[in-house]
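Novice: Structure incoming, see below.
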Amino acid sequence: MPAFAVKHVVEDHGLLARIMKDVRRTPYSYASSEPEATEAALGSDVYVIEVRGEPRMPRSFWLGYKYRAYEKYPRAGGGLWRDHFKFKNAARPMERAEGAYFDAPVQIVDAQANAWLRDKASSIAQIPEHVVSTLDALIADPTHGAKPFA
């Protein structure tokens, strides 16, 4: 089963911390790319990456949460989610979500993962296996304090 990365750009959407109360109940992410959003909703793991840009510094990438997506919703009436996105992927409502989250996102410092993330302009993209391994290692590392969805 493929895995997907979804970028959450702080300059456009604010910090992930702002939405984590809702995410902890039923994890979700937004995308505009039709084939990827549809494929993600077939039970794929979705990694939500916070993208931070500092003046005169390269962008940094921070893992916020991972969940298994089973749903894809277009906006009612053909509108856009958060004025930018065509689709909302989500875990199954009213069921315990599969995955984990961080109270504070964890910086991704792996050079290959950062290079891959930097090259992806799309808000959602299928992740190569070496990047999945890096992200899963961050979640598995007890020093980062990943928590399962309740």
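Novice: Given a Förster distance of 35 Å, report the FRET efficiency between R75 and T143 from their Cβ-Cβ distance, rounded to the nearest 0.05.
Specialist: Numbers: r = 39 Å, r/R0 = 1.12.
Efficiency, from the Cβ-Cβ distance: 0.35.
Novice: Residue separation times 0.36 nm, minus the C-alpha to C-alpha distance between R24 and M94: what's the value? It would help to have the intermediate numbers written out before the result.
Specialist: Working: separation 70, 0.36 × 70 = 25.20 nm, distance 1.19 nm.
Result: 24.0 nm gained on full extension.
Novice: Now, a different point. Could you pull the Cα extents of the chain along its three principal axes, largest to smallest, in whole Å?
Specialist: If we take the Cα atoms of the chain, the spans are 40, 33, 29 Å.
Novice: Next question. Report the FRET efficiency, 1/(1 + (r/R0)^6), for D103 and D12, where r is their Cβ-Cβ distance and R0 is 25 Å, rounded to 0.05. Numbers along the way, then the final one.
Specialist: Working: r = 22 Å, r/R0 = 0.90.
Efficiency computed from Cβ-Cβ geometry: 0.65.
Novice: Sorted by average packing, counted as other Cβ atoms within 10 angstrom per residue and highest first, what order do 55-68, 76-89, 116-129 take?
Specialist: Details: 55-68: 17.3, 76-89: 14.1, 116-129: 15.7.
Ranking the peptides 55-68, 76-89, 116-129 by packing returns 55-68, 116-129, 76-89.
Novice: Taking R0 as 22 Å, what FRET efficiency do you get between Q112 and M1 from their Cβ-Cβ distance, rounded to the nearest 0.05?
Specialist: Calculated value: 0.50.
Novice: Right, here's the next one. Before rounding to the nearest 500, sum -39500 (n - 2.57) across all DSSP H runs of length at least 4 in the chain and divide by the residue total; then give [θ] at 222 nm in deg cm²/dmol.
Specialist: Counting only the DSSP helices, I get -6500 deg cm²/dmol.
Novice: Distance between Cα centroids, segment 1-71 to segment 103-125: provide it in whole Å.
Specialist: 10
Taken together, the values in this text are just the output of simple stated rules run on the coordinates, not laboratory data. For clarity, every value in this text was computed on a predicted model and none was experimentally measured. Cβ atoms come from the backbone with ideal geometry, glycine included; neighbour counts cover every protein chain shown.
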